[in-house]
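Below is one structure, written out as structure tokens, with a few remarks after it.
A short reminder: the numbers here are calculations on the coordinates, not readings from a lab. What you see is a predicted model, and the numbers here were worked out from it, not measured in a lab. As a convention, Cβ positions derive from the backbone with ideal geometry for all residues, glycine included, and neighbour counts pool all protein chains shown.
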Amino acid sequence: MNKHVLSPSILSADFARLGEEIATVEAAGADWIHIDVMDGHFVPNITMGPFIVATCRRITRLPLDVHLMIETPERYIEAFAKAGASRLTVHVETCPDIVGTLRQIKSLGCRAGAVLNPETPVGAIQLALREADLILVMSVHPGYSGQSFMPETIAKVSEIRKKLDALRSSAWLEVDGGIDLETLPKMKEAGATAFVAATAVFKNPEGPAAGVRSLRALLD
Ligand code: DX5
Ligand code: ZN
């Protein structure tokens, strides 16, 4: 596994050609496939469920990095695990017992991640730091791809990097939202190790393979 990973989000893929789009980014060097699950309650948009995860599981060997933007995620964790998710990431804002939910995810054989929104203070994931295999920092308000990067989230990544290092944690520190050729190096510098990108990959004017290669070149 690479030390820094790129996780293209299929939210901006052409769903009429999903298999082809995933094969293209896989061949170009994508490390994981990011799947954005939205329920129309926790975020305004509605996207994909376990069925799409199962479809992706059939068409790629890459780990499936599933981001749950849903209320009461514990009700659906088993379905996503059965569908073939490799990692399941839940929002701290939706989990009154974040440690219990992370343990539930692990008990089903998946890697467990905790994510916080731009306005959520770092203290909210304090308990999750020891338990999580991944901490995800949102660098936009979740709900849609194609939004502008929020620079104030860079400091949050640095702060969490310090906390993970102090715990000697090997958890991934992932960033999601507005990640492109300009913002990725700033987040890498702050200590991020996993990078989600939808627009910069699938809406790249030269195509998704070029999108993956240009971002991955900044990680090697
Ligand atoms: C936002 C999603 C992101 C989104 C990123 O709610 O969690 O994963 O797809 O899109 P870009 O890379 O276009 O900001
Ligand atoms: Zn996401």
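Whole-Hz ³J(HN,Hα) for each residue in segment 62-70, computed from phi via Karplus 6.51 cos²θ - 1.76 cosθ + 1.60 with θ = phi - 60°, x for glycine and proline: what do you get?
Values, residue by residue: 5, x, 9, 9, 9, 9, 8, 9, 9 Hz.
Among 124-131, 105-112, 86-93, what's the highest-first ranking by average C-beta atoms within 10 angstrom per residue?
86-93, 105-112, 124-131
Grab the DSSP H runs of the chain that are 4 residues or longer, score each as -39,500 (n - 2.57), total them, divide by all residues and round the 222 nm result to the nearest 500 deg cm²/dmol.
-9500 deg cm²/dmol
Viscosity 0.692 mPa s, temperature 37 °C: Stokes-Einstein D of segment 156-220 from its Kirkwood Cα radius, in µm² per second?
In µm²/s, the coefficient rounds to 265.
For segment 5-105, just list the percent of Cα-Cα distances falling in each 10 Å bin from zero outward, please.
16, 49, 29, 6
How far is it, in nm, from the label point at His141 to the one at Ala166 when both lie 7 Å from their Cα along the line to the Cβ?
3.1
If you average 1/r across every pair of different Cα atoms in the chain and take the reciprocal, what Kirkwood value do you get, in Å?
About 17.0 Å for the chain.
Return the percentage of antiparallel bridges among DSSP beta bridges fully within segment 1-114, rounded to the nearest 5 %.
Antiparallel bridges make up about 5 percent of those DSSP assigns within segment 1-114.
Quick one: which residues, 5+ away or cross-chain, put their amide H under 5 Å from the amide H of Met138? H built at 1.01 Å from N.
Leu116
For Gln126 paired with Arg75, estimate the spin-label separation in nm (one decimal), with each label point 7 Å from Cα along the Cα-to-Cβ line.
Distance between the two pseudo-spin positions: 3.1 nm.
Amide H neighbours of Ser9 under 5 Å, counting only residues 5+ apart in sequence or on other chains, H built in-plane at 1.01 Å?
So Ser9 has HN proximity to His34, Ala197, Ala198.
If you plug each phi of segment 27-41 into the Karplus form 6.51 cos²θ - 1.76 cosθ + 1.60 with θ = phi - 60°, what whole-Hz ³J(HN,Hα) values come out, in order, with x for Gly and Pro?
Calculated HN-Hα couplings, in order: 5, 7, x, 4, 8, 10, 10, 9, 10, 8, 9, 10, 10, x, 10 Hz.
Mind jotting down the distance between the C-alpha centroids of segment 156-211 and segment 47-119, whole Å?
19
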